[in-house]
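The values are calculated or read from the model by the stated rules, or taken from the named source; none is laboratory data. Remember, predicted model here, so these are calculated numbers, not experimental data. Ideal geometry is used to build each Cβ from the backbone, glycine not excepted, and the neighbour counts take in all protein chains shown. Keep in mind that these areas ignore ligands, DNA and RNA; they rest on the heavy atoms of the full protein, side chains included. Shrake-Rupley method; radii C 1.70, N 1.55, O 1.52, S 1.80 Å.
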Amino acid sequence: MRKIILLLYVGGMLTVKLDINDLQFERMNPFDGTIAYGQNKRQQVVMIEKWAEQYPGVFFASMHPGLFYF
């Protein structure tokens with residue numbers, strides 16, 4: 001049986017770019033929860049791409065839940 005890891009993301013990540021210089025939002029002043037949320041979702045997508053490279057025997061995918069059809 002093949003192992004599958006599926007990450008669901010939302011459209012909030014589409015409005016922000018990944019800031020690799022402030023992953024913990026220590027320099028975000030003032031703090032903006034909406035931007036932080038989008039950043040976190042972007043980080044998750046990058047993370048799953050890296051995991052896919054590291055674990056070739058596991059199928060990794062990330063998708064928006066509104067695009068999933070049976």
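Between residue 58 and residue 36, the FRET efficiency from the beta-carbon distance, with R0 = 22 Å, is close to 0.15. Cross-link reach is defined here as a Cα-Cα straight distance under 23 Å, omitting same-chain residues fewer than 8 places apart; for residue 3 the lysines meeting it are 41, 50.
Could you report the chain's accessible area per residue, 1.4 Å probe, as an integer in Å²? Don't skip to the answer; put the middle values down first.
Numbers: 5620 Å² over 70 residues.
Averaged over the residues of the chain, the accessible area is 80 Å².
Restricted to Cα atoms, the chain shows a radius of gyration and a Dmax of 14.1, 48 angstrom. Taking trypsin sites (Lys or Arg not before Pro) in DSSP loop states with no more than 10 other Cβ atoms inside 10 Å as exposed sites, the chain has its longest site-free stretch at 28-70. Using a probe of 1.4 angstrom, how much of the accessible area of the chain is carbon and sulfur, in percent? With neighbouring chains kept in place, the figure for the chain is 60 percent.
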